[in-house]
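Asks: First, the structure itself, so that you have it in front of you.
The values are calculated or read from the model by the stated rules, or taken from the named source; none is laboratory data. No experiment lies behind these values; they were computed from the predicted model shown. Don't worry about glycine lacking a Cβ; one is built from the backbone with ideal geometry, like all the others, and counts go over all protein chains shown.
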Amino acid sequence: MAQKLYPECALVCLTKLVPTSGCQLTDTACLCTNEELNANLSVCVLQGCNYEDALKTKNGSATMCGLPVRDDTMKPPLVAGVGFGLALIVYILRMCSALPGCNRELSWDDWTITACVLLTIPPTVFAFTLSANGLGKDIWTLPLKNVENVLFFYFLGELFYFLAQAMNKVSILLFLHRIFQHNSLGKAIWVTIGLTLAYAAAFFFATLFQCWPINHAWLQLESDHLGRCNNIHLQGWLSAAFNIVLDIVILALPLHQLYQLQMPLKKKLMVMVVFSMGIFVTLASVIRLRTLVVFANSTNITYDYVDAAYWSTIEL
């Protein structure tokens, strides 16, 4: 049975390690439950096989041992589709308030939130493409081409994430500037806009050039593809930390002014809506940090990246 399930390089490891493990090649139960043997086999396979054969070996072990087939492929498109639909409804209601007869003209915060909505369309589409290629399944059950497609569209999604996130923050800040344009808060808002754009630009280019050549970001699993990558996991943590700090600063900016000013009820309600959305986004950013722990230590990227993907989508 092993000869049918495993590539030749893995059979070499089995022949070498099984005799010293106390198991027989025909004893499936022993082979599946011997933790020391499986740990040694993993090391041997990673050293002696290319990545595609290593995946075939893991798939063979999972099949032989009867491991459950996991499938969370519906999560990313479901979260992305519902999230984008709700965001689009809120956007349409907001833009309706700028129609003739509503005593308000279109302003810069309307244009930037429009840019944000447009920038979230590609990641929403990518969620369906990622699902079709196997995001949500164990990596060893997928062809190498599917894994590369997942890495490619995940890479593109990260780039749009930083752009859309920046436009969302800038829109909130410009909205606050429109509300508080005649007081001292204006300068602080412009400084925060500058910091937001600097943050977005820095991490956009850090993500774009996380590997060199750039296509090594999604082709790195091919044994003959040469390249190098930065510490992507450290980059993810730094990005998340700066993002949360910016969210807190944006939420804190108008607190003093809101406390002091006598504002019309309509303006207060508008600010309260923006604040409630800001608090939700900040909470999503904090929860997303938990997914980065799994993200950093994952060898099963097509399954473990699901949570990070949909929390990033929710955050947008």
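Asks: When you scan the range 219-238, how many residues do you find that are in a helix (DSSP H, G or I) and either without any contact (Cβ under 8 Å) to a residue 60 or more places away in the chain or basic (Lys, Arg) (or both)?
Replies: 5
Asks: Oh, and also: Looking only at the range 169-184, count how many residues are of a type outside the set (Ser, Thr, Tyr), assigned to a helix (DSSP H, G or I) and either surrounded by 17 or more Cβ atoms within 10 Å (Cβ to Cβ) or not assigned by TED's automatic domain parsing to the domain that holds SER107 (or both).
Replies: Here the count works out to 9.
Yes or no, residue by residue, for (1) in contact with a helix residue (DSSP H, G or I) (Cβ under 8 Å, 6 or more places away or on another chain); (2) modelled with pLDDT of 95 or more; (3) closer than 30 Å to GLN47 by Cβ:
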residue	(1), (2), (3)
ILE179	yes, no, no
LYS187	no, no, no
ALA217	yes, no, yes
ASN230	yes, no, yes
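Asks: Condition test on ALA166, is it buried (at least 17 other Cβ atoms within 10 Å of the Cβ) and in contact with a Phe, Trp or Tyr (Cβ under 7 Å, 6 or more places away or on another chain)?
Replies: no
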